[in-house]
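Participant: One structure, as structure tokens, below. Some questions next.
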Amino acid sequence: MSRLPYVPGFARPKAEGGSPKAEGKALRERVPRTAHAEWTAGPGRPDAVAAVEASNAGRLPELTPIRVGRMAASPFAFLRGSAGLMGHDLMDSAVTGIGAQICGDAHAANFGLYGDARGELVIDLNDFDETLHGPWEWDVKRLAASLVLAGREAGADEPTCRAAARDAVGSYRHTMRLLARMPVAEAWNAIADERLVSHADARELVGTLERVAEKARRNTSARFAAKATEKTDDGRRFVDAPPVLRRLPDGEAAAVALSLGGYLGTLPEDLLPLTARYEVQDVAFRVVGTGSVGLRSYVVLLLDHRGEPLVLQVKEARPSVLLPYAEKAGFALPPDGHEGRRVVLGQQRMQVVSDVLLGWATVEGRPYQVRQFRNRKGSVDPAALAPDELDDYARLTGALLARAHSHTADPRLIAAYCGKSTALDESVATFAHTYANRTEADHETLIKAIRSGRIPAETGV
């Protein structure tokens, strides 16, 4: 039988290209794994407060003091709100050139539980505002640094914090090697469930995950609506709870509601009979997150024929803060497009199971992402874990991150670069320690600026 022609979109014949394993090993010569330990703040690095002020541009000014106050809560909280500053810092660090769909903000608090279409719980990455095609190692380094900071906040000693960072990378490496050896379809569909906990050797974390899961099962649209709405003659409406939740002028609420018509066009056609059975009842503004505070974010109340609620979140989507730094690191800018679409497609590329109602919309010329609100979501607070749990959580999140990256980067290539030794683990752990120290200094700079009146902050919100 003669050889069939190459079909674009499928793998090329083996004879036409090099082995991913050989390419990954060769890459170690150009970018040694030990190089990932190195980082120093360059002379052009922005002042921490100036970076926060710059990141507040375009946000609702009345809400930026809340954002600053949340970032001021701890060095870990500062890191959570400063993905752009870390992107600047990573730009000049060692970069392998292997691209993947990255989270862009893969800190330890951006993993959690959520419900699939059947109501079963899955654990995975769950925040994709900054997602883009970029260097896989940026996510790994952000995760490692965040674990050091979370451990310090929890009162863990330095060996424990360093071990968490090191073991997160080790788990990433082991998981990528495992995925590289699996049949492609099996690796692609690997579900983040109790089997992953076992693979990551996170047995000490089982009790915590069970408690989080029990709470997540109760975290539904119905529960939120029961607390945040009141009955009216024709249904229900949101109740003011400023500054976190507030009612809207009629014009603004109508604009959000009308945008859902365009949103329906971004959903699979088979879901349209489902959405057609809900009536749009009310719209309110709701503050969310740490890094997201100040963005326009709405909750939309839908009711079915029995009065059962479904709540959607319509959240402003801005360009990824990593975009200019990824370009300077050698990753080409994507074509212009809808930022909500970028977030949604990035999430779907990284998760095995995603919210079935993920979509995007445009409200008064601004792009938004749309998703279910309170979709049985639950999260582990890494800064509240016991020392023995911190290391288990690190291994779990490292495994999850590897699985997410493997959808858009060949796991054989990354696994071959990472190798069997602990060279990368130790190097990134060293980076994480250094960067955590820098973040603590940045946090202290922000605290001093708040005390001096340079930048306003509102705490406890």
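Participant: Considering only the range 163-176, I want to know if a residue exists there that is in a loop (DSSP other than H, G, I, E, B), crowded, with 24+ Cβ neighbours inside 10 Å and touching a residue at least 24 places away in the same chain (Cβ under 8 Å).
Facilitator: no
Participant: From the list R12, R45, R3, R59, pick out the single residue that is closer than 21 Å to S320 by Cα, free of Cβ contacts under 8 Å to residues at least 60 places away in the same chain and either in contact with a Cys (Cβ under 8 Å, 6 or more places away or on another chain) or in a loop (DSSP other than H, G, I, E, B) (or both).
Facilitator: After applying the criteria, what remains is R45.
Participant: Among the numbered criteria (1) surrounded by fewer than 24 Cβ atoms within 10 Å (Cβ to Cβ); (2) under 23 Å from G460 (Cα atoms); (3) over 13 Å from the mean Cα position of the chain (by Cα), which single criterion is violated by G151?
Facilitator: The number of the failed condition is (1).
Participant: Can you name the residue in the range 357-396 that is of a type in the set (V, I, T) and at pLDDT 95 or above and, of all such residues, is nearest to A100 (Cα to Cα)?
Facilitator: Top of the filtered list is V370.
Participant: Only one of (1) touching a residue at least 24 places away in the same chain (Cβ under 8 Å); (2) farther than 19 Å from P324 by Cα is not met by G18, so which one is it?
Facilitator: (1)
Participant: Quick check on my filter: what residues within the range 54-70 are of a type in the set (A, V, I, L, M) and within 10 Å of V293 (Cα to Cα)?
Facilitator: L60, L63, I66, V68
Participant: Still on this model: Which of the strands (runs of 3 or more DSSP E) contained wholly in the range 98-149 include at least 1 residues that are under 24 Å from R376 (Cβ atoms)?
Facilitator: Per the criteria, 111-115, 121-125.
Participant: Mind counting the residues in the range 237-266 that are among the acidic types (D, E) and assigned to a loop (DSSP other than H, G, I, E, B)?
Facilitator: Qualifying residue count for the region: 1.
Participant: In addition: Just to check your reading of the model, which residue among V380, V288, V352, V343 is without any contact (Cβ under 8 Å) to a residue 40 or more places away in the chain and of a type in the set (V, I, T)?
Facilitator: From the options V380, V288, V352, V343, the qualifying one is V288.
Participant: Tally time: how many residues in the range 310-328 are surrounded by fewer than 21 Cβ atoms within 10 Å (Cβ to Cβ), within 17 Å of the chain's Cα centre (by Cα) and of a type outside the set (A, V, I, L, M)?
Facilitator: The qualifying residues number 3.
Participant: Which of the numbered conditions does V95 fail, given that it passes all the others? Conditions: (1) β-branched (V, I, T); (2) surrounded by fewer than 20 Cβ atoms within 10 Å (Cβ to Cβ); (3) outside any helix (DSSP H, G or I).
Facilitator: (2)
Participant: Moving on. Considering only the range 367-416, how many residues are farther than 30 Å from E316 by Cβ and in the same structural domain as P268 (by TED's automatic domain parsing)?
Facilitator: 0
Participant: Going by the conditions given, is E29 under 20 Å from R454 (Cβ atoms) and surrounded by fewer than 19 Cβ atoms within 10 Å (Cβ to Cβ)?
Facilitator: no
Participant: Related question: Are there any pairs with C-beta distances below 8 angstrom linking a residue in the range 434-453 that is of a type in the set (S, T, N, Q) to a residue that is outside any helix (DSSP H, G or I), with the two at least 6 apart or on different chains, and if so which?
Facilitator: That search, which allows pairs on different chains as well, returns T434/W39; T439/S82; T445/D47.
Participant: To continue, here is another question. Among the candidates A276, A257, single out the residue that is within 13 Å of V314 (Cα to Cα) and outside the structural domain of R80 (by TED's automatic domain parsing).
Facilitator: Result of the check over A276, A257: A257.
Participant: What number of residues within the range 330-384 are of a type in the set (K, R) and within 15 Å of the chain's Cα centre (by Cα)?
Facilitator: The number of residues fulfilling the criteria is 4.
Participant: So, one more: Of these, P242, P319, P273, which one is out of contact with any helix residue (DSSP H, G or I) (no Cβ under 9 Å at 6 or more places or on another chain) and within 19 Å of R67 (Cα to Cα)?
Facilitator: Within the list P242, P319, P273, the selection yields P242.
Participant: Quick one: how many residues across the range 385-403 are closer than 15 Å to K141 by Cα and within 16 Å of the chain's Cα centre (by Cα)?
Facilitator: Of the residues in the range 385-403, 7 are closer than 15 Å to K141 by Cα and within 16 Å of the chain's Cα centre (by Cα).
Participant: When you look at L90, is it farther than 29 Å from P20 by Cα and either touching a helix residue (DSSP H, G or I) at 6+ places or on another chain (Cβ under 9 Å) or hydroxyl-bearing (S, T, Y) (or both), yes or no?
Facilitator: It is false that L90 is farther than 29 Å from P20 by Cα and either touching a helix residue (DSSP H, G or I) at 6+ places or on another chain (Cβ under 9 Å) or hydroxyl-bearing (S, T, Y) (or both).
The values are calculated or read from the model by the stated rules, or taken from the named source; none is laboratory data. None of the values given here were measured: they were computed from a predicted structure. Counting neighbours? That spans all protein chains shown, and the Cβs are built from the backbone with ideal geometry, glycine included.
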